[in-house]
Amino acid sequence: MKHLCLNCEKGDMVRTKKDSEIEYRGHRAIVRALDGWHCPECGEVEFAGKEGVRYAEALEKLRLKIDAEESAELARIRKKLKLSQRRAAAIAGGGVNAFSRYENGKARPVAAVVNLFRLLEKHPELLDEIAA
Ligand SMILES: [Zn+2]
């Protein structure tokens, strides 16, 4: 009997253990030997037993790791540029406390903020143009 994939409605799902890739903000990780029904056509997975929990936990672990790395990176770049948190927030927008909230992990900056500070680290002379 066919176990039709409900995602693509083409694949005949196969029960197996297979590595599955997870992605968060452009960073990837692998969940090893995920037990479930895998679609050979589109890659959809129907988790067996508590594998959905293991998958969600792996995603959460990746999310926390990447968020912590980004928080630390923003703090490092801000200090390197000799900006106060208040001044950095004025540049990034999002309110006077935005940068302290980014740095202590209470809020996530949008990608544009992270990208802006990465650019400013490479081209600190551009800070004068923003400040002017
Ligand atoms: Zn499919």
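The values are calculated or read from the model by the stated rules, or taken from the named source; none is laboratory data. The structure displayed is predicted, hence computed values, not measured ones. Glycine gets a Cβ as well: all are built from the backbone with ideal geometry, and neighbour counts include every protein chain shown.
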### Task
Would you mind telling me which numbered condition in (1) touching a residue at least 12 places away in the same chain (Cβ under 8 Å); (2) farther than 29 Å from N115 by Cβ; (3) outside any helix (DSSP H, G or I) I22 fails?
(2)
### Task
Scan the stretch 93-108 residue by residue and report those that are part of a loop (DSSP other than H, G, I, E, B) and under 16 Å from K79 (Cβ atoms).
N104
### Message
For the stretch 24-74: of the residues being small (G, A, S) and touching a strand residue (DSSP E or B) at 6+ places or on another chain (Cβ under 6 Å), which is nearest to the ligand (Cβ to nearest atom)?
### Response
G36
### Task
Identify, by number, the condition in (1) under 19 Å from G26 (Cβ atoms); (2) at pLDDT 90 or above that A111 doesn't meet.
(2)
### Query
Name the pairs whose Cβ atoms lie under 6 Å apart, with the first residue in the stretch 51-78 and more than 19 Å from D35 (Cβ to Cβ), the second exposed (fewer than 14 other Cβ atoms within 10 Å of the Cβ), and 6 or more positions between them or separate chains?
I66/R25; I66/H27; S71/G105
### Query
Looking at the stretch 87-103, which of its residues are farther than 22 Å from E129 by Cβ and among the charged types (D, E, K, R)?
R101, E103
#### Entry: Conditions (1) free of Cβ contacts under 8 Å to residues at least 24 places away in the same chain; (2) hydrophobic (A, V, I, L, M, F, W, C); (3) part of a strand (DSSP E or B); number of the one not met by V31
(1)
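Restricting the search to the stretch 34-54, which residues are outside any loop (DSSP other than H, G, I, E, B) and of a type in the set (G, A, S)?
From the stretch 34-54, those outside any loop (DSSP other than H, G, I, E, B) are 34-38, 45-47, 51-54; that's our starting set.
Across the stretch 34-54, the qualifying residues are G36, G52.
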